[in-house]
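See below for the structure under consideration.
The values are calculated or read from the model by the stated rules, or taken from the named source; none is laboratory data. These numbers come from a predicted model, not from an experiment. Backbone-built Cβ (ideal geometry, glycine too); neighbour counts: all protein chains shown. Keep in mind that these areas ignore ligands, DNA and RNA; they rest on the heavy atoms of the full protein, side chains included. Shrake-Rupley method; radii C 1.70, N 1.55, O 1.52, S 1.80 Å.
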Amino acid sequence: MTSALLPREAVVVDRKDETPEMFSLRLRFTDPAVQAGYRFALGQFNMLCLPGMGEAPISIVSDPEDRQTIDHTIRQLGSLTRNLGRLEVGDRLGLRGPYGRGWPAESAEGTDLVIVTGGLGCAPAVSLIEFALRRRARYGRLYIVQGVKHAHDLLWRERYDTWRRHPDVEVYLTADTGDSLWPFHVGPVTQFFDRIDIDPARCTVFLCGPEGMMKAVVREMDRRRVPARRIWLSMERNMHCALGACGRCQLGPKFVCRDGPVFSWAEVAPYLAHRGI
C-alpha cells in the first residue's frame, strides 16, 4: 500500500510563463499506471515536491475529465516556488495528491453561477469557469467578477476576452489602483452587484481570494438573501501536511487541507467572524 505522504515521480511536459511572477506547469506521472489511475475533483490541490527543498500545496487547474496531464498555475513566492519556476520540459519532480474537498459543481447545476475572485490567488476559480463553459448547458448565466490590487496584477486578459464572448456570460474587472492605461473599473468587487441580476432562489456563489474580500462579498449576498449554504469559499491557509495532521491550517475545529479548501459559508461563518482564527 502506498503511503499518502509518499510523492510519485512526475515529468514536466509543458510550461508557460503567465506573468513575471506566475507560471503554469503541465505534468504527467512517469508511471503510466499511476497516470491512468489518477483522479481528482474540481478545486482540489496537489503537493508538488522538489527533493531536498520541500513541497507546497498547488491548486489543480486542469479539467477532471482530462486523464492525460495535470495542470498547475503557480505564483513565485518563496524559494521552493521559484525553483519550480526554473523547471523545463523534461525535468522531474514529486507529486502527491489529490487532497481536500473541491467545488460542488454537480449541486450547482441548473443555477446561475456568481464567481468572484480577488488578488492573484484565482487559479481555483479559473478551473471552475473553464469547467462550466465546457459544459455550458448544465448551468444558467455566468457572472465573473475579478478584482486585483494593482492594474498590472490582472492575469489572463485574453481569457476574460474569450469568456465574455460566450452567451449568457458577463465579466466585470476592477482594480483597487488603476493606471493611465487601465480600461476597466477602479474600486472594490462589491460595486458590481447592483448590476447583476442575482436571484437568491437559483444562484450559487463561488469565492476565491483574500478573506477580507470574501467576507465583504458574503455580506452583500446576505443582503440579497442568498442562503449561506449556496455560498462557497476556497480558503487559503498555511498547509503543510495536506492530511490534517500537523494542525497548521486549522480553522476552528476544521482543517483547510482535509476538510476544505472549499467550504460553504454556513460551515465557516462562526470562525471567520472572530479575529485570530
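The table below gives the values:
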quantity: Sequence-separation-based contact order of segment 1-142, relative, with Cα cut under 8 Å and 6+ spacing, percent; calculated: 28
quantity: Antiparallel bridges, percent of DSSP beta bridges restricted to segment 131-277 (to nearest 5); calculated: 25
quantity: Amide hydrogen neighbours beyond the local backbone of V186, cut-off 5 Å, H modeled; calculated: A175
quantity: Share of carbon and sulfur in the accessible heavy-atom surface of the chain [1.4 Å probe, %]; calculated: 49
quantity: Unmatched cysteines, the chain - criterion: no other Cβ of a Cys under 4.7 angstrom; calculated: C49, C122, C203, C208, C249, C257
quantity: Tensor-based shape of segment 1-48 (alpha-carbon gyration tensor, a/c under 1.5 rounded, otherwise prolate or oblate); calculated: prolate
quantity: Environment charge of V34, counting only residues whose C-beta is closer than 9 Å and scoring Lys/Arg +1, Asp/Glu -1; calculated: -1
quantity: Other-chain or far-sequence residues with amide H under 5 Å of S62's (modelled H); calculated: D71
quantity: Table column - 3J(HN,Hα) (Hz), segment 258-263, Karplus curve with 6.51, -1.76, 1.60, x for Gly and Pro; calculated: 9, 8, x, x, 8, 10
quantity: Long-range amide H partners of F206 with built H, under 5 Å; calculated: V114, I115, V116, W232
quantity: Student exercise, segment 22-127 dipole from Lys, Arg, Asp, Glu Cβ charges, in Debye to nearest 20; calculated: 440
quantity: ³J(HN,Hα), Karplus 6.51/-1.76/1.60, whole Hz, each residue of segment 55-60, x for Gly, Pro; calculated: 8, 9, x, 10, 5, 8
quantity: DSSP-defined beta bridges in the chain - what % are antiparallel, rounded to 5; calculated: 55
quantity: Per-residue HN-Hα couplings for segment 167-176 [Karplus 6.51, -1.76, 1.60; θ = phi - 60°; Hz; x = Gly/Pro]; calculated: x, 6, 10, 10, 10, 10, 10, 8, 9, 5
quantity: Whether segment 62-113 is rounded, prolate or oblate, judged on the alpha carbon gyration tensor where a/c under 1.5 counts as rounded; calculated: prolate
quantity: Tensor-based shape of segment 89-210 (alpha-carbon gyration tensor, a/c under 1.5 rounded, otherwise prolate or oblate); calculated: oblate
quantity: Relative contact order of the chain, pairs being alpha-carbon contacts under 8 Å that are 6 or more residues apart, as %; calculated: 17
